[in-house]
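The values are calculated or read from the model by the stated rules, or taken from the named source; none is laboratory data. Model, not experiment: these values are computed from the prediction. Heads up, the Cβs are rebuilt from the backbone with ideal geometry, glycines too, and the neighbour counts pull from every protein chain shown.
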Amino acid sequence: MALEKTIVQDKIELVTIKEWKCIQVRTATIITEDGKELSRTFQRHVLSPTDDVNGETDEVKKLAEIYFTDDAKAKQKAFEDAELSKFSS
């Protein structure tokens, strides 16, 4: 009776927010016993152009290189600044 835990990124999606794209990553944790799957759970996290992607997989980093352009970062920052200004006096 051998239990095994495997963690894989099983889904990576591009999601358009306003005028830029975010990367949504789903990670599956799979528990198997003698090759038979006992459970599978999921966690998700979303990365936006201004996020640090250094701790991500190479695949996610490559997508960030393509989509997290200086223009996308500037648009996100301008949107966030505009939203924050609504709450400051």
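Which one is nearest to K75 (Cα to Cα), of the residues in the range 41-63 that are in contact with a Ser or Thr (Cβ under 9 Å, 6 or more places away or on another chain) and surrounded by fewer than 13 Cβ atoms within 10 Å (Cβ to Cβ)? I'd like the intermediate steps shown before the answer.
Applying the first criterion (in contact with a Ser or Thr (Cβ under 9 Å, 6 or more places away or on another chain)) to the range 41-63 yields 41-45, 49.
Now narrow it down to the ones that are surrounded by fewer than 13 Cβ atoms within 10 Å (Cβ to Cβ): 41-45.
Details: T41: 34, F42: 31, Q43: 28, R44: 24, H45: 21 Å.
The qualifying residue nearest to K75 (Cα to Cα) is H45.
Pairs meeting the criteria (first residue in the range 58-87 and without any contact (Cβ under 8 Å) to a residue 60 or more places away in the chain and under 14 Å from W20 (Cβ atoms), second residue part of a helix (DSSP H, G or I) and small (G, A, S), beta carbons under 8 Å, at least 6 apart or on different chains) are lacking. Does the range 71-80 include one or more residues that are of a type in the set (G, A, S), surrounded by 12 or more Cβ atoms within 10 Å (Cβ to Cβ), touching a Ser or Thr at 6+ places or on another chain (Cβ under 9 Å) and at pLDDT 95 or above? Within the range 71-80 (the criterion being of a type in the set (G, A, S), surrounded by 12 or more Cβ atoms within 10 Å (Cβ to Cβ), touching a Ser or Thr at 6+ places or on another chain (Cβ under 9 Å) and at pLDDT 95 or above), the answer is yes, since at least one residue qualifies. How many residues does the range 18-38 contain that are surrounded by 13 or more Cβ atoms within 10 Å (Cβ to Cβ), without any contact (Cβ under 8 Å) to a residue 40 or more places away in the chain and of a type in the set (A, V, I, L, M)? Count: 4.
Among the residues of the range 55-77, is any hydrophobic (A, V, I, L, M, F, W, C), more than 12 Å from the chain's Cα centre (by Cα) and assigned to a strand (DSSP E or B)? Checked the range 55-77: no residue is hydrophobic (A, V, I, L, M, F, W, C), more than 12 Å from the chain's Cα centre (by Cα) and assigned to a strand (DSSP E or B).
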